[in-house]
Amino acid sequence: MTESSKDSIFNAMWNSLFVSIPATILPLLFAGFAGYAFSWFDFQGRKVMFALLVGLQIVPLQMTLVPIFRIYADLGLNGKFLGVWLFHTGFGMPYAIYLMRNFISRLPRDLFESAYLDGAGHFKVFYRLVLPLAMPAIAALAIFQFLWVWNDLLVALIFLSGDKPVLTYTLSNMVTSLGQGWHRMTAAAFISIIIPLGVFFAFQRYFVEGLLAGAVKGDA
């Protein structure tokens, strides 16, 4: 692999990290608060709103690219990382909220009621009880969201193009430009899977537990 190829690969890897990390943290944060609210807050239209959020999972990503591209053009977000973060956050939240709500609603009610009686507010309960207990669901979501964003080509191609190339964009260019240089492409592909493997191994002990728990409908 030439020096220029190495530089482009590592630059693209940093861009992918800069896209993937915020685009993973933001939906997890919002989904945690939303899942807690749907589980423990009794407000009008809760079930209808939750059903609408779950229904958003069937909306194809490709169907929204043109309207969002036009909105981003008006807001000046095309070609900026913020636009990609918001896009991935919006499409990652419906499933994340669904999983978090189902997981949190299965936690023992007595535990929360005791905390409320002791004077703990909602934020303290969320920070001290919900987050530690919901770690399996959070870890499962983190793996899914990170891998989805890391492996994405379409969204990065449309909203970032070649100005801030991510790893998938750089690899796709190498496929067309290197031709028979399969050994270089193999090395680049190996580099591209190191970080996703690290993320998976870091959270694997929570993965199955989080999926099984979050897939079961809660009682709340």
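Every read-out reported here was derived from the displayed coordinates using simple, explicitly stated rules and does not represent laboratory data. Just so it is clear, the model here is predicted, and its values are computed rather than measured. Using ideal geometry, Cβ is built from the backbone for each residue, glycine included, and neighbour counts are taken over all protein chains shown.
Give the calculated FRET efficiency between Ala51 and Asn151 to the nearest 0.05, with a Förster radius of 45 Å applied to their Cβ-Cβ distance. Walk me through the numbers before you get to the answer.
On the way: r = 30 Å, r/R0 = 0.66.
Computed FRET efficiency for Ala51 and Asn151: 0.90.
Given the DSSP H assignment, sum -39500 (n - 2.57) over each helix run of at least 4 residues in the chain and divide by its residue total; what's the result at 222 nm in deg cm²/dmol, nearest 500? The partial results should precede the final answer.
Values: 10 runs with 163 residues, N = 220.
Calculated from helices alone, the mean residue ellipticity at 222 nm is -24500 deg cm²/dmol.
Only Lys, Arg, Asp and Glu count, each charged at its Cβ (+1, +1, -1, -1), so figure out the dipole size of the range 1-131 about its Cα centre, rounded to 20 debye.
Details: 10 positive and 7 negative charges, 47 e Å.
Charge dipole, the range 1-131, about its Cα centre: 220 debye, nearest 20.
Among 36-44, 48-56, 160-168, how do they line up from the highest to the lowest mean number of other beta-carbon atoms within 10 Å?
On the way: 36-44: 15.2, 48-56: 13.2, 160-168: 18.4.
Those peptides, ordered most packed to least, come out 160-168, 36-44, 48-56.
With 10 angstrom as the radius, rank Met63, Met13 by how many other C-beta atoms surround their C-beta, starting from the fewest. Can you show the working numbers first?
On the way: Met63 9, Met13 19.
Starting with the residue having the fewest Cβ neighbours, the order is Met63, Met13.
Note the angle between two axes, namely the Cα long axis of helix 167-178 and the longest principal axis of the Cα atoms of the chain, as a number of degrees from 0 to 90, rounded to the nearest 10.
Computed tilt is about 20 degrees.
Would you work out if the range 13-68 is rounded, prolate or oblate? Take a ≥ b ≥ c from the square roots of the eigenvalues of the alpha-carbon gyration tensor; rounded if a/c is under 1.5, else prolate when a/b is larger than b/c, oblate otherwise.
Details: a/c = 3.93, a/b = 1.48, b/c = 2.65.
Oblate is the answer for the range 13-68, as a/c is 1.5 or above yet b/c matches or exceeds a/b.
Any chance you could run the full-extension gain for Leu17 through Asp74? It's 0.36 nm times the residue separation minus the Cα-Cα distance, nm to one decimal. Mind showing how you got there, number by number?
Values: separation 57, 0.36 × 57 = 20.52 nm, distance 2.67 nm.
In short, 17.9 nm is gained.
Shape call for the range 77-126 from the C-alpha gyration tensor, a ≥ b ≥ c root eigenvalues: rounded (a/c under 1.5), prolate (a/b greater than b/c) or oblate? The partial results should precede the final answer.
Numbers: a/c = 7.81, a/b = 2.39, b/c = 3.27.
Oblate, because a/c is 1.5 or more while a/b does not exceed b/c.
Helix 182-214: angle to the longest alpha-carbon principal axis of the chain, degrees 0 to 90, nearest 10?
Taking Cα atoms only, the helix is inclined about 10 degrees.
Could you tell me which of rounded, prolate or oblate describes the range 85-154, using a ≥ b ≥ c as the square roots of the eigenvalues of the alpha-carbon gyration tensor, with rounded for a/c under 1.5 and, failing that, prolate when a/b is larger than b/c and oblate otherwise?
Numbers: a/c = 3.13, a/b = 2.66, b/c = 1.18.
It comes out prolate by the Cα gyration axes.
Taking a quarter of the surface of the Cα convex hull of the range 20-161, what do you get in nm²?
Values: hull surface 37.6 nm².
With every direction weighted equally, the projected area is 9.4 nm².
Any idea what angle helix 46-55 forms with the longest principal axis of the chain, computed on alpha-carbon atoms, 0 to 90 degrees, nearest 10?
20
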